[in-house]
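Read the figures in this text as sums done on the coordinates, not as results from a lab. Here the structure is a predicted model, which means the values were calculated and not measured. Cβ placement follows ideal geometry from the backbone for every residue including glycine, while neighbour counts extend to all protein chains displayed.
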């Protein structure tokens, strides 16, 4: 195994262990032992089933979007793309490697880089847009969150969340974004400025592709939503393992939507640290005393670290131990 990959994996392992231990240590309560003694292990199977459903629809979304661009992927290739995203996202800053991993596997499957880039970008846009559309529902339905903000603020935030994607869609059909980008990047270096315009063109191309195939895009959007909800459902699945504990399923899923929307913009690899702290903040008043940290760790292992291990297997098997350097080269060529 390459020294660079080994170093990244060791750092990731150390971070995961330290974060997990810290979260459990600072949230643990002696009363948690009562709940843990009655914990139903079968809920783990339910959580894995939810994860499987989420990954299944993630794969369907990939097939649908690839079909939009005229590309075809086999089942094995789809599995590799979906799982590799988890692997490189967790070992690169800001989860930037996830997109590169997907492009690498699609290019290996014979999909041109330009088409692969559009597919990856649209997948990300769809996920974020789906969560944004649900934010108003979550804010208005969760009474606890409503206590933090006045109704007028919630309404204003909801309108902003809904209008921004729509506004962006119409702006892409004008020359205004290019003018604004030109003004904003005038003091940047030539390379940085060039990269900004390249990413903008890719973003614009993604919107063009979506506009040409509205029905397929809508289908992919639904598959995107089902994928996210399936993966988030691992949390209430674990909650069912706590006997004599009742919870509001819609409230739990709503808070998972808010948390994961934030994680899309987290600067840490795979949202490490931010995810656990956010989980504790959102669920400490829902769960029994002392178990919120344990639930946070269970969620991260089921929804992130298990797919990460599977992604590591398929990525290293496909590209060898030098996969990190190949990802860097791919990212460089892409720019």
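Can you put 304, 201 in order, fewest other beta carbons within 10 Å first?
Taking fewest neighbouring Cβ atoms as first place, the list is 201, 304.
Can you give me the angle between helix 42-68 and the longest principal axis of the chain, using Cα atoms only, in degrees from 0 to 90, rounded to the nearest 10?
Around 10 degrees separate the two axes.
At R0 = 22 Å, how high is the FRET efficiency between residue 213 and residue 56 if r is their beta carbon distance? Nearest 0.05 is fine.
The value I calculate is 0.50.
Roughly how many nanometres apart are two label points built 7 Å out from the Cα toward the Cβ at residue 173 and residue 204?
A separation of 1.5 nm, rounded to one decimal place.
Taking Cα pairs under 8 Å and at least six residues apart, what relative contact order does the chain come out at, in percent?
Over the chain, the number comes to 38 percent.
Counting each DSSP H run of 4 or more residues in the chain as -39500 (n - 2.57), what helix-only mean residue ellipticity at 222 nm follows after dividing by all residues, to the nearest 500 deg cm²/dmol?
-25500 deg cm²/dmol
Taking the Cα atoms only, what angle lies between the long axis of helix 75-90 and the longest principal axis of the chain, rounded to 10 degrees?
70
By how many nm would the segment from residue 163 to residue 194 lengthen if fully extended, with 0.36 nm per residue of separation less the alpha-carbon distance?
Working it through step by step, the gained length comes to 8.3 nm.
Under a point spin-label approximation (7 Å from Cα along Cα-to-Cβ), what is the residue 262-residue 17 distance to one decimal in nm?
With each label placed 7 Å out from Cα toward Cβ, I get 2.8 nm.
For 192, 185, what ranking results if the residue with the fewest other Cβ atoms within 10 Å of its Cβ goes first?
192, 185
Cα axis of helix 306-319 to longest principal axis of the chain: angle in degrees, 0 to 90, nearest 10?
Roughly 30 degrees, rounded to the nearest 10.
FRET efficiency for residue 140 and residue 281, Cβ-Cβ distance as r, R0 = 22 Å, nearest 0.05?
The computed FRET efficiency comes out at 0.65.
Over what distance in Å are the Cα centres of the range 294-318 and the range 46-98 separated?
13
How would 152, 158 line up from fewest to most surrounding beta-carbon atoms within 10 angstrom?
152, 158
Modelling each spin label as a point 7 Å along the Cα-to-Cβ direction, I'd like the residue 39/residue 180 distance in nm, to one decimal.
Label-label distance for residue 39 and residue 180, simple model: 4.8 nm.
Based on alpha-carbon atoms only, what is the radius of gyration of the chain relative to the globular estimate 2.2 N^0.38 Å?
After normalising by residue count via 2.2 N^0.38 Å, the value is 1.04.
For the range 1-94, rounded, prolate or oblate, judged on the Cα gyration tensor with a ≥ b ≥ c (square roots of eigenvalues), a/c < 1.5 rounded, else prolate if a/b > b/c?
oblate
Taking Rh as the Kirkwood radius, which is the inverse of the mean 1/r over Cα pairs, what is the Rg/Rh value for the range 124-239?
My calculation puts Rg/Rh at 1.07.
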